[in-house]
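The values are calculated or read from the model by the stated rules, or taken from the named source; none is laboratory data. Here the structure is a predicted model, which means the values were calculated and not measured. Methodologically, a virtual Cβ is constructed for each residue, glycine included, from the backbone with ideal geometry; neighbour enumeration extends over all protein chains shown.
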C-alpha cells in the first residue's frame, strides 16, 4: 500500500484501469492490502504437504510398483467421501 501511496504515476494508472471496469466496487481494493484481508484456515497447510508427498511418491512408484496404492489411496479416499 505504501508503494501506491508514494508512486503517483502508478496510482493514476491503477485508477484508470479500475475506472474502465465501470463498477464503483473496483475502488474498494485497498482492503486487500490489510494483513487480515484473506484468512486461511490452519488445515490448509495440508495441501502443500500432500503435494510434496505426491511428488516424492511418483518416482518411488516407478521404482517399486507395489507402492502404487499408497499413491492413489489418499486421492481415492478424498474423492469418494460421503457428503
message = Considering only residues that are surrounded by 10 or more Cβ atoms within 10 Å (Cβ to Cβ) and modelled with pLDDT of 80 or more, which ones fall in the range 17-45?
response = 45
Members of the range 31-83 that are under 22 Å from the mean Cα position of the chain (by Cα) and not in a helix (DSSP H, G or I) = 34, 35, 36, 37, 38, 39, 40, 41
